[in-house]
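Below: the structure, in structure tokens.
The values are calculated or read from the model by the stated rules, or taken from the named source; none is laboratory data. All values reported here derive from a predicted model rather than from experimental measurement. A quick note on method: Cβ atoms are made from the backbone with ideal geometry, for glycine too, and the neighbour counts reach across all protein chains shown.
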Ligand code: NFS
């Protein structure tokens, strides 16, 4: 018997999970259950497949082999496996950044491109950072040089990444002194693959250091380049109202779900969905219009910039198809479950792959081509429109839930948000922290994982943090979970926030949980930290700030890379379920203790219980407040007792 409430906290998801159970259709949760018990060696991080003398595994109880055939210990094996996860995650983010840099360059070089460079102020500011002459030069020329320079950083061999210089001086020095400053993006990822090859590095500390360096090349390189070039290309987000959950799908419209990560495609799909010719065709086939809905991070990209509603997050991808109302699902790269192809076969839903890097057997592939972006987007949408006729109306069941949210917060927008249009500044944020209205800031990000009830940890942590006056910046699927739970509207401050945070939210009309966007946009959290430091009064380095990070329901390798660049930047971070290091005591102690703390001024904790995790973050923030000699919280005596911790 399936209990949908054990699988998701979202009523819309529960409805579709029940439907799948009734119709005996397998979803990720069923496949997860069928996989039990999962391989203990894998969970503990102590199996090695890096060469063909193996596979090897270490006996965690000490009764069997304690070394692989080559002599690698549990710590070496776990460290190698872990940083290979960093390599894959950093590669995924950075390859996204690279693709965007190509689109950017194409748009800059070609006046007839379907793309334009929308945020020219940001273009000029970034050009200056890259040391590009901007005065008395046509903007196109500046853009071409910027595109070339940004692209060159991926293959850069020596030196430092331009955006790493956005970090405070103390952090830059620390990275230089500890040998963690990334030299190039691809280089650090390649070095991981080399260093973890059979018979290379046998020092787990040295292995972990390379993991940190590669992760930093993601956070202050690949991902950050992606965010900034996307802002220039598609416009920097500003607060925008939208809706989320399966209720955004409409019975009378052609429903097109855009799923994946890279906005080069989704932005064009948004444009093409308004094409009069296609709208006319939609009417001819009996629909009242074309309805676009986002899924996962590409959904966040178009939500942040265009206000396009989001159908859901990672574990909603199958549930959307379960409504029987999705006429077309367009996917590009990352976090697309291979299962959607088979599931779509049970329905009329058409799936289209678009990236040469991500195909599925039996699924139609229409390659996205930035040189003919609009044309390709139109061709794809037309397939959705034509497929509307194949829908079986008697099988359509769309949950009602659609929740309001405000998205579109960026590090730059905080200036206006808190300082006002006439006096844009970070001062009010710093003052609110110093005076004890806001305790600190938390970045809560990352995926969903069927091992935990979907959304329970994201929402649990976020609510507990804001109740204790911690402002939450949420990204990726965490942001989508919080939005579904109604935490991303200004009214949420009255319902859930502590008195100090509520006052701040009330004054400026902002939600207590701010949506910063997709996972590459987690870099906006780093930039916000830099701005707070620049404004003054809260220390010299990111590790001085009363901030903390969390990835409560993580599952992807990208989440590992994010975790390591966040900790590598000096931010204490709590992961929900442990990283696969628990069979390697020295590695576990290093990343959760003194070892990494001495290196970068921050460390990890693992805590699956959301309330306990929130309180680990709050304690850390309190410690940082003490070190900064900040006074007590303004309404401390009125602070509420933590809710009893649920048994985990
Ligand atoms: Ni992030 Fe986006 Fe979601 Fe996890 Fe996947 S969608 S890049 S990896 S699952 S948050």
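Worth a mention:
- Test: residue 112 is in a helix (DSSP H, G or I) and either at pLDDT 95 or above or closer than 13 Å to residue 370 by Cβ (or both): no
- Candidate set: the stretch 469-479, residues that are in contact with a strand residue (DSSP E or B) (Cβ under 7 Å, 6 or more places away or on another chain) and within 16 Å of the ligand (Cβ to nearest atom); chosen: the one nearest to residue 432 (Cα to Cα): 472
- Residue match in the stretch 62-84 (condition: crowded, with 16+ Cβ neighbours inside 10 Å, within 15 Å of the ligand (Cβ to nearest atom) and at pLDDT 95 or above): no
- Scanning the stretch 3-32 for residues that are in a helix (DSSP H, G or I) and touching a strand residue (DSSP E or B) at 6+ places or on another chain (Cβ under 7 Å) yields 13, 14, 17.
- Selection of first residues in the stretch 1-14 that are modelled with pLDDT of 95 or more and of second residues that are surrounded by fewer than 19 Cβ atoms within 10 Å (Cβ to Cβ), restricted to Cβ pairs under 7 Å at least 6 apart or on distinct chains, gives the following pairs, ordered by first then second residue: 4/18; 11/401; 12/247; 12/401; 14/5.
- Any chance residue 248 is farther than 29 Å from residue 179 by Cβ and out of contact with any helix residue (DSSP H, G or I) (no Cβ under 6 Å at 6 or more places or on another chain): yes
- When the test is whether a residue is modelled with pLDDT of 95 or more and more than 24 Å from residue 227 (Cβ to Cβ), residue 324 passes it.
- Condition check for residue 465: touching a residue at least 60 places away in the same chain (Cβ under 8 Å), assigned to a helix (DSSP H, G or I), buried (at least 24 other Cβ atoms within 10 Å of the Cβ) and within 16 Å of the ligand (Cβ to nearest atom): no
- Here residue 352 meets each of (1) surrounded by fewer than 22 Cβ atoms within 10 Å (Cβ to Cβ); (2) in a loop (DSSP other than H, G, I, E, B); (3) in contact (Cβ under 8 Å) with a residue 24 or more places away in the chain; (4) away from the ligand (no atom under 11 Å from the Cβ) with one exception, condition (2).
- Only one entry of 319, 265 meets the criterion of being within 16 Å of the ligand (Cβ to nearest atom), at pLDDT below 95 and either surrounded by 24 or more Cβ atoms within 10 Å (Cβ to Cβ) or in a loop (DSSP other than H, G, I, E, B) (or both), and that entry is 265.
- Condition check for residue 357: within 16 Å of the ligand (Cβ to nearest atom) and surrounded by fewer than 20 Cβ atoms within 10 Å (Cβ to Cβ): yes
- Residue among 326, 331 that is within 16 Å of residue 261 (Cβ to Cβ) and in contact with a strand residue (DSSP E or B) (Cβ under 9 Å, 6 or more places away or on another chain): 331
- Unique residue being farther than 30 Å from residue 77 by Cα and assigned to a helix (DSSP H, G or I) when the list is 134, 190, 144: 144
- Count of the stretch 324-343 residues which are assigned to a helix (DSSP H, G or I) and over 19 Å from residue 12 (Cα atoms): 3
- The single condition from (1) without any contact (Cβ under 8 Å) to a residue 24 or more places away in the chain; (2) under 30 Å from residue 105 (Cβ atoms); (3) part of a loop (DSSP other than H, G, I, E, B) that residue 362 fails is (2).
- Among the residues making up the stretch 549-563, a single one is farther than 16 Å from residue 219 by Cα and more than 9 Å from the ligand (Cβ to nearest atom): 552.
- Qualifying positions in the stretch 33-61 - buried (at least 16 other Cβ atoms within 10 Å of the Cβ) and in contact with a strand residue (DSSP E or B) (Cβ under 8 Å, 6 or more places away or on another chain): 41, 46, 47, 48, 54, 56, 57, 58
- Residue, farthest from residue 608 (Cα to Cα), within the stretch 437-452, restricted to residues that are more than 16 Å from the ligand (Cβ to nearest atom) and assigned to a loop (DSSP other than H, G, I, E, B): 437
- In the stretch 403-436, the residue that is farthest from residue 485 (Cα to Cα) out of those that are outside any helix (DSSP H, G or I) and in contact with a strand residue (DSSP E or B) (Cβ under 9 Å, 6 or more places away or on another chain) is 410.
- Residues satisfying the stated conditions in the stretch 568-587, i.e. outside any loop (DSSP other than H, G, I, E, B) and free of Cβ contacts under 8 Å to residues at least 40 places away in the same chain: 573, 575
- Single condition residue 368 does not satisfy, out of (1) over 21 Å from residue 312 (Cα atoms); (2) surrounded by fewer than 22 Cβ atoms within 10 Å (Cβ to Cβ): (2)
- Residue 10 out of contact with any helix residue (DSSP H, G or I) (no Cβ under 6 Å at 6 or more places or on another chain) and within 26 Å of residue 485 (Cα to Cα): no
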